[in-house]
Amino acid sequence: MSQQILKTTANGKEMLSNPRLMSVQRTLNVVMNQNVSLSCHSDSGFPPVKYTLFKHNQKVSALNRPDLTPALFNLTINSASDVGEYKCKAENRMSSGGKYSNSLNFTLIEPISKPVLSSPTSQAKKGQNVTLSCLSENGSLPITYIFFKGKGNISPPVRMHKREAAVILLHISSSSDFGTYKCRAENSFRNSTKYSNSFNFTLAEERNHSQPLIISLGLILLLFVIGFALAIPFFAIPSYKAKKIKSTRSSTGLTSPANAEDSENDIIYTEIEPVKPEEGYVNFSVIKREDGKGEKLKLESWNI
């Protein structure tokens with residue numbers, strides 16, 4: 001047993017020093033369901049010494065040591081609450097209220113999930129700027145990301161302290177930039193390095209800007225031709241029927257010289273009924289007014 005420096009009271013009795021709390025594993029990073037050991041030890045004091053372990057000021061367990069050897073507390077990390085603040089207290093017959101140690105906090109780490117590599121677009125043109133994003137949905141922070149093209153890295157490590165994607169900007173300058181990209185993610189969890197899916201950019205086709213204009217002009221011309229063809233019957237048929245009526249009147253003698261004398265003082269009105277599309281003739285009547293009186297004559301239908 002190594003020689004220890006003793007502190008004495010005014011009465012010459014040994015004083016109990018403040019204990020030290022430390023992890024036997026020499027690391028405070030833990031994973032779920034891991035077994036850990038905490039050591040609580042006072043360098044000086046009059047044995048026996050009682051050591052008590054606390055978590056969030058709640059008593060966990062207590063051990064009595066007949067000498068000044070450390071007290072070992074074995075724990076299992078079963079949930080996130082088990083990584084909270086730990087302290088220990090040392091006390092003997094000479095101490096009043098005991099002495100407390102430093103506080104200790106574990107950090108719960110989780111293995112990362114396979115990262116996802118993505119981009120807002122999968123097509124690009126030469127001279128275009130594009131972005132790549134890499135994200136692991138699970139795993140304790142911080143997470144470090146590295147981007148690759150082929151087997152060579154194309155970015156320095158990007159360390160993320162928040163659950164956010166690491167993003168890099170790329171400039172597509174040549175056909176070689178349309179290669180296979182990947183990213184790698186890792187955290188403090190041992191042997192937890194994960195690689196992402198592969199991602200490839202494809203060359204976007206150059207579109208001919210005159211082609212939509214030609215198509216639009218062709219459609220306008222086609223609509224114009226169809227409209228013109230539909231309008232022909234509305235203009236040609238009434239004109240044709242008017243000519244037929246005029247020739248029919250001449251052939252019936254309504255305006256012949258023999259009747260011209262009788263009709264000098266008469267006013268003749270002609271009523272023409274609208275042509276129905278399904279009929280092939282037009283109906284008309286002649287009204288002859290004489291001395292303010294009129295007589296309406298219904299003529300036969302004339303086929304046109």
Modelled FRET efficiency - R0 45 Å, residue 57 with residue 167, Cβ distances, 0.05 increments: 0.55
Column: log10 I(q)/I(0), Debye, Cα scatterers of region 116-203, q = 0.12, 0.21 Å⁻¹: -0.35, -0.95
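So how much slack lies between residue 18 and residue 191, counting 0.36 nm per residue of separation and subtracting their Cα-Cα distance, in nm?
Numbers: separation 173, 0.36 × 173 = 62.28 nm, distance 3.81 nm.
The span from residue 18 to residue 191 would gain 58.5 nm if fully extended.
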Cα-based Rg of region 1-141 normalised by 2.2 N^0.38 Å, two decimals: 1.68
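Expected output is a single nm value to one decimal: the length gained when fully extending between residue 178 and residue 125, i.e. 0.36 nm times separation in residues minus the C-alpha distance. What is it?
Numbers: separation 53, 0.36 × 53 = 19.08 nm, distance 0.97 nm.
Result: 18.1 nm gained on full extension.
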Length gained when the stretch residue 202-residue 79 is fully extended (0.36 nm per residue, less Cα-Cα span): 39.6 nm
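Among 85, 14, which comes first, second and so on when ranked by fewest other beta-carbon atoms within 10 Å?
On the way: 85 12, 14 16.
If I rank by nearby Cβ atoms, fewest first, I get 85, 14.
Laboratory data are not the source of any read-out in this text; all were calculated from the coordinates shown. The structure presented is a predicted model; accordingly, all values stated were derived computationally and were not measured. Here Cβ is always computed from backbone atoms with ideal geometry, including for glycine, and neighbour counts include all displayed protein chains.
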